[in-house]
1. Could you list all residues from the stretch 162-172 that are touching a helix residue (DSSP H, G or I) at 6+ places or on another chain (Cβ under 8 Å) and either closer than 16 Å to residue 246 by Cβ or free of Cβ contacts under 8 Å to residues at least 12 places away in the same chain (or both)?
2. Determine if the stretch 95-109 includes at least one residue that is part of a strand (DSSP E or B) and farther than 21 Å from residue 295 by Cβ.
3. When you scan the stretch 261-281, how many residues do you find that are crowded, with 16+ Cβ neighbours inside 10 Å and in contact with a helix residue (DSSP H, G or I) (Cβ under 7 Å, 6 or more places away or on another chain)?
4. Just to be sure before I move on: is residue 253 in contact with a strand residue (DSSP E or B) (Cβ under 9 Å, 6 or more places away or on another chain) and closer than 16 Å to residue 135 by Cβ in the structure I sent?
5. For the stretch 111-129, name all the residues that are more than 11 Å from the chain's Cα centre (by Cα) and within 15 Å of residue 286 (Cα to Cα).
6. Just to be sure, is residue 134 surrounded by 16 or more Cβ atoms within 10 Å (Cβ to Cβ), in contact with a helix residue (DSSP H, G or I) (Cβ under 6 Å, 6 or more places away or on another chain), modelled with pLDDT of 95 or more and not assigned by TED's automatic domain parsing to the domain that holds residue 15?
7. Out of all the residues in the stretch 71-87, which are part of a loop (DSSP other than H, G, I, E, B) and either surrounded by 19 or more Cβ atoms within 10 Å (Cβ to Cβ) or touching a strand residue (DSSP E or B) at 6+ places or on another chain (Cβ under 8 Å) (or both)?
8. Report yes if residue 111 is in contact with a strand residue (DSSP E or B) (Cβ under 6 Å, 6 or more places away or on another chain) and either surrounded by 13 or more Cβ atoms within 10 Å (Cβ to Cβ) or more than 24 Å from residue 145 (Cα to Cα) (or both), otherwise no.
């Protein structure tokens with residue numbers, strides 16, 4: 001059995017998979033925000049309870065063998081130090097999460113960036129199954145990215161492959177300079193324009209009420225400000241993805257996260273990215289994740305191949 005754990009800013013989700021890919025259990029708990037030690041305890045508790053309950057469901061008194069555990073995190077392991085870096089769940093940064101989890105669970109664990117896990121899941125048996133080069137994009141609270149080539153996650157020499165969200169927004173217009181401040185310390189990052197909070201901020205700055213991205217989307221047909229904000233969002237999204245196509249040239253770009261549910265993105269964004277792509281035609285497909293919000297945790301489980 002494989003267990004995938006997706007560590008988010010507000011929740012921690014677990015998924016148990018049989019070796020044939022069947023889902024045996026899936027559950028989520030609240031994330032202990034701001035507390036590293038409690039995060040370790042929460043992950044261990046989730047793994048232990050899933051192992052026990054799956055064993056009982058199989059009429060075993062106890063698990064016959066400990067499961068293999070894969071962890072998706074909102075950051076990366078630094079190749080230089082072995083510590084977590086670049087996590088927007090900032091209490092993980094600078095901590096030896098892989099070592100501490102291996103010790104607490106008394107077994108090896110595999111960790112990967114959550115966007116890499118998402119891309120791996122969709123490349124394995126999701127919306128991009130069979131595609132040689134897949135770029136996964138998560139657009140929600142943040143803007144993550146992951147790259148899978150021939151079924152394998154590309155991590156990179158600095159463990160930052162796919163981190164498109166912390167590049168500057170390409171071809172900024174006059175009112176997009178210098179751009180909003182980003183938590184990474186720079187201004188004008190793609191994440192500050194394309195995340196859910198970024199859409200909400202754009203709407204507010206243009207005279208709208210304070211509301212969530214989902215509320216803004218619901219008002220697009222009745223509120224001209226909401227329609228204008230979504231139009232700006234799509235044009236920015238097209239420019240940002242065009243830069244990925246120019247560098248990586250993926251066969252498929254898969255969208256996940258809350259904003260991936262905006263149906264019109266899949267027609268409007270490809271219609272807008274052409275002028276920014278250095279090619280006479282663009283055959284890259286933009287698709288919605290097949291596995292929805294389960295893709296990240298499924299990809300974490302897929303960090304261990306079936307035995």
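The values are calculated or read from the model by the stated rules, or taken from the named source; none is laboratory data. On a predicted model such as this, the values are computed, not experimentally measured, just so you know. Cβ placement follows ideal geometry from the backbone for every residue including glycine, while neighbour counts extend to all protein chains displayed.
1. Let us first name the residues in the stretch 162-172 that are touching a helix residue (DSSP H, G or I) at 6+ places or on another chain (Cβ under 8 Å), namely 162, 164-167, 169-171.
Answer for the stretch 162-172, where residues must be touching a helix residue (DSSP H, G or I) at 6+ places or on another chain (Cβ under 8 Å) and either closer than 16 Å to residue 246 by Cβ or free of Cβ contacts under 8 Å to residues at least 12 places away in the same chain (or both): 162, 164, 167, 169, 170, 171.
2. No, the stretch 95-109 contains no residue that is part of a strand (DSSP E or B) and farther than 21 Å from residue 295 by Cβ.
3. 8
4. On the way: in contact with a strand residue (DSSP E or B) (Cβ under 9 Å, 6 or more places away or on another chain): yes; closer than 16 Å to residue 135 by Cβ: yes.
Here the answer is yes, as residue 253 does meet what is asked.
5. 122, 123, 126, 127, 128, 129
6. Numbers: surrounded by 16 or more Cβ atoms within 10 Å (Cβ to Cβ): yes; in contact with a helix residue (DSSP H, G or I) (Cβ under 6 Å, 6 or more places away or on another chain): yes; modelled with pLDDT of 95 or more: yes; not assigned by TED's automatic domain parsing to the domain that holds residue 15: yes.
Yes; evaluated as a whole, the condition is true for this residue.
7. Filtering the stretch 71-87 down to residues part of a loop (DSSP other than H, G, I, E, B) leaves 74-75, 78-83, 86-87.
Residues satisfying the conditions are 74, 75, 78, 83, 86, 87.
8. Values: in contact with a strand residue (DSSP E or B) (Cβ under 6 Å, 6 or more places away or on another chain): yes; either surrounded by 13 or more Cβ atoms within 10 Å (Cβ to Cβ) or more than 24 Å from residue 145 (Cα to Cα) (or both): yes.
Taking the combined requirement at face value, the residue satisfies it.
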